[in-house]
Structures are given as C-alpha cells and as structure tokens.
Amino acid sequence: MRYTLSPFPSSSRSQHRARARSVAFAMGFALTMFALVVVAAGGCTSARRGEPFAPPVVLDNAQQVRGEHAFARHCAQCHPGGAAGLGPAINDRPLPKTAIKAQVRAGVGEMPKFDEQMLSDDDVDAIAEYLLALRKSPAG
Amino acid sequence: MPRICAAEVSAINAAERSAWSGSALSVLALALAGGCFALRPSRGGGETEAPGTETAERLLDTRDVKVPEGYRVEIVAAGLTFPTGITFDDDGTPFVVESGYAYGEAFDAPRLLRIGATAIDVVATGDRHGWMGVDHEGGAFFVAEAGITKPGRILRFDVDGTMTVLVDGLPALGDHHVNGPAVKDGWVYFGVGAATNSGIVGTDNADFGWLARAPRFHDIPCSDVTLRGFNAQSDDPLTEMKGDVAMTGAYLPFGVKSEWGQVIRGQVPCTGAVMRVPVAGGSPESTKIEVVAWGFRNPFGLAFASDGRLFVTDNGYDERGSRPVFGAADWLWEVKSGAWYGWPDYADGRRVSDPRYAHEGKSAPARLLGDMPEPPVPTALFAVHSSSNGIAFSSSARFGHPGQAFVAQFGDQAPVVGKVWAPVGFKVVRVDVQSGVVHDFFVNDANANGPASARGSNGLERPIAVAFDPSGTSLYVVDFGVMAMDEDGAHPRPRTGAVWRIVRADPELAARSAAK
C-alpha cells in the first residue's frame, strides 16, 4: 500500500491550493483594511525626530544600532533621519514591521528593491527595528 | 482611462504574486507613499512662488532656529552678499569671503571681510571670478578663486590685502569650480569640480550659461582613461537652426563623438579632483601641482580631522543633462592618496548603470569608462540633492562630539537638479565618521524642513560653510542667503547672507564635562 504525506487526495490538491490562496488573500485583505483603519485613525505625526527637537533617539539593543547603521548606508539618502527628502517621510507612519520589511525587499514606485545581496535578512530586520524605535521617539 | 502610478502597479503585481506581500505593499503604497512620486510636483526648498523678486531686508531671529539642548545660537553678521567661506586669524577674529558669484549668472566683486565686534572691514577685493572659500595659516589668507569666466586660481593675501597668485590655470569654466582650500604642513589643498553633471557636455550646460562662453570646455581626467564609446544625442544649442542635434562623448567638447577604446590622456591640473600646491606657490607648467585623489564630482568642503586624515564632501549627481542620474546621494570621503573615487561611473559605492539610478521607465546611465579600479566606499552618505558642502571637525570636548564632522547643507536646487518630495538640506548636520550616521544639528524650528524663506520665518536659509574658532568652542555657520529656484534656474538674492555662531549654553558646565 502506498501512503501519501498529504492529508488530501492528489485529485483535490489543486482545489486545496486554490482554497488556501483564497484564505491567505482574505487574511491579507483584512490586514490591509485593518492597517488602513489604523493609519486613518492614528494619522501621521511630525517627521522631525531626535535632536535638535527632542532628546536623542534611544536605541535599546545591538539590533537597533545595527539597524541605524544600515539605515544610514541604504535608506537615509532618500529619507534623511526618516523624514521626507527625495522620498516621503517614513518615521511617522504606523506601519507594522512586516510591511516595512516587505517594502524594503520589493521596492515600490521609484524606491528600488533591496535584495539579499544588498541587505541580509538580519539587516532588513534591524532596519525595521530601528524604524520602530525612531517612530516611538518624541516628535518635534 | 485613469492613470495608474508606478506604486500602484507595483503593488498590484505583488498582490498577484502573493496575497501577503500584496497586502503589505498595498498598505505601503497608500500609507507610506501617501501619493505617487511620478504624479507629484517637485517641492524643493527654493521653489517659492515669486523667486528673486523680493527686495526686502532679510530678518534674522535666533528663536526661529533649533540646536540640541545645551547649545545656544547667536547672530554674528547679516546683510552679506553670497558669503561662501570663513576662517580665523590667530586672535580668533573671523574673516569671511563673499563670493561675488552665484548660480543664476549673478556676478559682483568678491571680497575678503574682517568681521569685527562692531564693524565689518574690507581686507581685499577681487574681480568677478568668485571666491569659494578661505583658510588662514602663518599670518596669511588663502582663497580659492572659482574661475567661472576664466581659469581658476589659488590666491594668498597678506593682512594688508596684498595678493599673491599661488597657482593659475585651473580648469574651472564649467558647472563646478575651484573649492576649498585647506592648508596643512606647508601645502594648500583644494578641489576642482567636474565640468559636467556626469561626464558629457549637454544642453544643461548651455542652460547654466557656460557652454556659450566656453564651447570647447569639457572634463579632464587626472590619469589616462579608456572610453567605451558611448555618445549622447542632444539638441545643439550652439547653432541657431532649430532641430539641430549633436552627438557628444565623455571627456570631449560638446558635439565631438567618442570611439570605443579611445584613450583620453590624463592631465594635471584636472577636473573632479583634490590637488595641492606648496604654500610658496606653483604653476600649471611646473611640477608643483600634485593630484591627491580624483574621480570626485564636486569636492567642495575639505577638512583635516584631529588625527590628520583628510576628508572631503562631494556633491552627487543630478538628474539633468545628457546622462541624468536619479537618486544619487552626496558623499563624505576619507581621502586616500592616489585613489580614484568613481565619478562618472559610480555612485554611493555602486555602478550608476544599476537600474536604481534611472527614473522608472528610463534607461540607466551607460558606463563611460573601461576598466577602472574599484572605488572606495563613502564614509557617509548625505541626502540626495542636499548639496552637502562646508565641513569642520570638532576637536574640543568643551564643544562636544570631538572627532565628529559638522557639515553645512546648502539645500536642494530643485527643480533644476531633479524633483524632490520635500525640501532637502538647508541645515547643519553632525556626522559620526566611524558609523556613517548623520544627525541633524542646526535646523529651522518648524514642523517641516526647508529654508526660512519657504517657511515664513527668520531662520536659516542656505548654510554653505562651517568652521570652529581656534579655541574649538564655537561653531560658526556661513549662511549664503536666499536663492529661489524655478525651471529657469537660480534666483539668488544679494545682501541676504549671514553668519551664525553656536556655543554651549553653559560654558562652565561644558568645561566640567570636558575635564571628566
């Protein structure tokens, strides 16, 4: 007797995959709507963070420091200090870490994507952590 | 048919690939972008409604600017015309150079001024060729004369105003000029900027005004380079026939094509380089001009750190001309003797042929040069179009941040240099040269960045130079003044320049912290 590792008969795998995609899309859509509500409700605060408007941004751990350095090397030229420049401000938007990481990897519009050769997963993680710390710091 | 911006297209494509990443990107496209770069107008700091038409006196108010807690701002001088540099004599008295030139083809007589406690005295006056910076050493003043309408020079002035020409014939008739200087160990170090944005003379250089004055002028490499034969086609502004086109290659005069494998011989002096000359002088015919390093675009600010290392600020590419480059930073370099720093084929430590340096839907800039060495990595990257210029290192714990650099950011010149989302620069930043992290230090007190003229305040306009006094406890900031921008170019406003001073708010506390 042959056993399959799949709990579904092979004839229904494609249906299962389609159903899984639908569930994932529904969850993604719900996340999108939730995030939009958060954005709409929370609005955006000032993008002026850190000195001279407030005490220096507190970085609690080595990952955030690593993120600050990677941000300076790869991101700050378009978002200086996380504020607007060539690109829009990104230190005043209540975005989840997952969305920040997806943006870095995929790029959007004029923003280039940063692949694994440019930034390791650890670097992207660190950048997202740094941005969250920046966002938590007092605004000017 | 409704137009879909690139951000939305990207998000839609991503959604097709993955529901999860699609949702994230949709959120980002809407919430992060808050619109679409392609559809937004440029919002540079100089893009005010009535550029260059104001004649009112510029007012200054220290309540309209911000520095970190523990520091205080004072006003030293106002009413200057296009000031570009500052230095101090041995007594700590500040001396300022007024350029006598600004983008927008504004010409006047440059001046070396003594900024006294109660009066400003003229030490020396020049012809209309732009003085871009000044340093003081051994009782003399050293001035970088831009060039612009004639070759650039390095000048030495005695305290009585007597002038000596240290070097003449510097190739500075193009977009960028002679910068610096910085004097150390018997040498005068100076920069000469590239003639062009990215190696090829084009219609943007006609717009700047110099192509008609010097139609044969072009970039000059310091060492031999081999071309890859790329030629750019453009309108020909040198003929009166509408529709005339020209093909132009790199390091060649406008309208001259290059060939694959063509070798352009290096010369000294050259463009896009940091060079040096003995304080006793030299000449292009002699061997006394030395190339320190090259492959820069516009090496504007030169400063030595306390440990003797030379650093230079370098203005990155613009999105203009026959070979536009999108999204390139300004840079801080540690200058290594003999190194090539990558212009015109590298930006930010990458090749400019990377697609990120093309506006979406356009081709990335073509490589111009054959095999060249891999350039160094920038010490720090500054904001795109920030025009990061003058630089000074703190050497005193009493001021704070010893070993770190302070850089004056003149501010963007959008829309001429390219489009920006929001004003860039118009402040002084602090750079940790170990980590490359850049922090704001001296800014306008407003809820968004930009020059005072755009924010309706009496604060900073366009910082262009910084210097510490001999004690190292006061940071002086030269503010060029108002320069509005529009599609026709720059509209500088005379008599709006100023000098600010930043000191510790409590010197006794600073002294105690320095002693610890």
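The values are calculated or read from the model by the stated rules, or taken from the named source; none is laboratory data. Treat the numbers as computed from the prediction; the structure is a model and nothing was measured. A quick note on method: Cβ atoms are made from the backbone with ideal geometry, for glycine too, and the neighbour counts reach across all protein chains shown. Ligands, DNA and RNA are excluded from the accessible area calculation, which covers all protein heavy atoms including side chains. Shrake-Rupley method; radii C 1.70, N 1.55, O 1.52, S 1.80 Å.
Bridging of residue A:97 to lysines at a Cα separation below 27 Å is possible for A:113, A:136, once same-chain residues fewer than 8 apart are set aside.
Only Lys, Arg, Asp and Glu carry charge here, each on its Cβ (+1 for the first two, -1 for the last two); on that basis the range B:138-293 has a dipole of about 280 debye about its Cα centre. For the peptides A:76-87, B:429-440, the ranking by packing is A:76-87, B:429-440, with the highest mean count of neighbouring Cβ atoms within 10 Å listed first.
Dividing the mean sequence gap of close Cα pairs (under 8 Å, 6+ apart) by how many residues the range B:210-270 holds gives a relative contact order of 44 percent. Give the shape of the range B:223-345 as rounded, prolate or oblate, defined through the alpha-carbon gyration tensor: a ≥ b ≥ c are the square roots of its eigenvalues, a/c under 1.5 means rounded, and otherwise the shape is prolate if a/b is larger than b/c and oblate if not. It comes out prolate by the Cα gyration axes. Averaged over the residues of peptide B:421-432, the number of Cβ atoms from other protein chains lying within 10 Å of each residue's Cβ is 3. Counting only other chain Cβ atoms within 10 Å of each residue's Cβ, the peptide A:84-96 averages 6.
Annotation for the range B:173-192 versus the range B:221-286: alpha-carbon center distance of 20 Å. For residue B:242, the shell of other residues with beta-carbons less than 11 Å away shows a net charge of -4, using +1 for Lys and Arg and -1 for Asp and Glu.
The stretch between residue B:505 and residue B:212, if pulled fully straight at 0.36 nm per residue, gains 100.3 nm over its current Cα-Cα span. Note on residue B:270: accessible area is roughly 0 Å² with a 1.4 Å probe, heavy atoms of protein only.
Calculated [222 nm] ellipticity per residue, helices only, for chain B: -2000 deg cm²/dmol; basis is -39500 (n - 2.57) per DSSP H run with n ≥ 4, divided by all residues, nearest 500. Each label was represented as a point 7 Å from its Cα along the Cα-to-Cβ direction; for residue A:54 and residue B:395 these points are 3.7 nm apart. Scanning chain B for DSSP H helices at least 15 Å long along the axis (C-alpha atoms) with a Kyte-Doolittle mean no lower than 0.0 picks out B:6-17.
Sequence-ordered 3J(HN,Hα) estimates for the range B:362-377 from the Karplus curve with 6.51, -1.76 and 1.60 and θ = phi - 60° stand at 10, 7, 5, x, 6, 5, 9, 10, x, 4, 9, x, 5, x, x, 8 Hz, glycine and proline given as x. Based on Cα contacts under 8 Å between residues 6+ apart, the range A:46-140 shows a relative contact order of 47 percent. Taking every C-alpha pair closer than 8 Å and separated by at least 6 residues, the mean separation divided by the residue count of chain B gives a relative contact order of 17 percent. With R₀ fixed at 35 Å, the C-beta to C-beta distance from residue B:242 to residue B:366 puts the FRET efficiency at about 0.80. Taking a probe of 1.4 Å and counting only protein heavy atoms, give the total accessible area buried between chains A and B in Å², rounded to the nearest 100. That pair of chains buries around 4200 Å² in total. Between the residues B:481, B:471, B:452, the greatest Cα displacement towards the positive end of the dipole of the range B:449-505, with unit charges on the Cβ of Lys, Arg, Asp and Glu, is found for B:471. Length gained on full extension, residue B:309 to residue B:120, computed as 0.36 nm times the residue gap minus the Cα-Cα distance: 64.6 nm.
Solvent exposure of the range B:406-516, expressed per residue, is 31 Å² of accessible area, with all protein chains present and a 1.4 angstrom probe. Using the Cβ-Cβ distance between residue B:226 and residue B:89 with R0 = 35 Å, the FRET efficiency computed as 1/(1 + (r/R0)^6) comes to roughly 0.15.
Across peptide A:99-106, the mean count of Cβ atoms from other chains lying within 10 Å of each residue's own Cβ comes to 6.
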